[in-house]
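Written below as structure tokens is the structure these notes are about.
The values are calculated or read from the model by the stated rules, or taken from the named source; none is laboratory data. Quick caveat: nothing in here was measured; it's all calculated off a predicted structure. All Cβ positions, even for glycine, are placed from backbone atoms using ideal geometry, and neighbour counts span all protein chains on display. When the accessible area is computed, the model is the full protein with side chains, heavy atoms only, and any ligands, DNA or RNA have been set aside. Shrake-Rupley method; radii C 1.70, N 1.55, O 1.52, S 1.80 Å.
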Amino acid sequence: MSVKVYYTTVTASRTVKSQQAEVIRILESKSIRYELIDISVGGELRDKMRSKAGDPAAAPPQFFNEDQYCGNYEMFSEAVEADTVEQFLKLA
């Protein structure tokens, strides 16, 4: 199983930048292996992320375990607070 985080390197949003940095910090602190997929390299990746998330307006970061949708940043943040990140990412 592979955790995939759809993110962007091109954004003017400080909120998105800080959310993405927090996600990476948390995943690394928990030694969770993940793959970053940068949607800014092509619109088809953004469209794929939105399609798989089932939300035509989905914004990064978005989380998947392989192709199974786990959730968005708000859901990840709630899992961190509840100490259920592994369950959220479908690792447990």
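Couple of notes before you dig in:
- Residue list for region 31-45, restricted to those being under 29 Å from ALA82 (Cβ atoms) and either hydrophobic (A, V, I, L, M, F, W, C) or modelled with pLDDT under 95 (or both): ILE32, LEU36, ILE37, ILE39
- Hits in region 26-55 - residues which are basic (Lys, Arg) and either surrounded by 12 or more Cβ atoms within 10 Å (Cβ to Cβ) or over 13 Å from the mean Cα position of the chain (by Cα) (or both): LYS30, ARG46, LYS48, ARG50, LYS52
- Unique match (being part of a helix (DSSP H, G or I) and in contact with a Ser or Thr (Cβ under 9 Å, 6 or more places away or on another chain)) among GLU86, GLU74, GLU35, GLU78: GLU78
- In region 5-17, the residues that are over 13 Å from the mean Cα position of the chain (by Cα) and open to solvent by less than 70 Å² (accessible area, probe 1.4 Å): THR11, SER13
- Complete set of residues in region 73-90 that are of a type in the set (D, E, K, R) and over 16 Å from LYS4 (Cα atoms): GLU74, GLU78, GLU81, ASP83
- Selection status of GLU86, more than 13 Å from the chain's Cα centre (by Cα) and open to solvent by 90 Å² or more (accessible area, probe 1.4 Å): no
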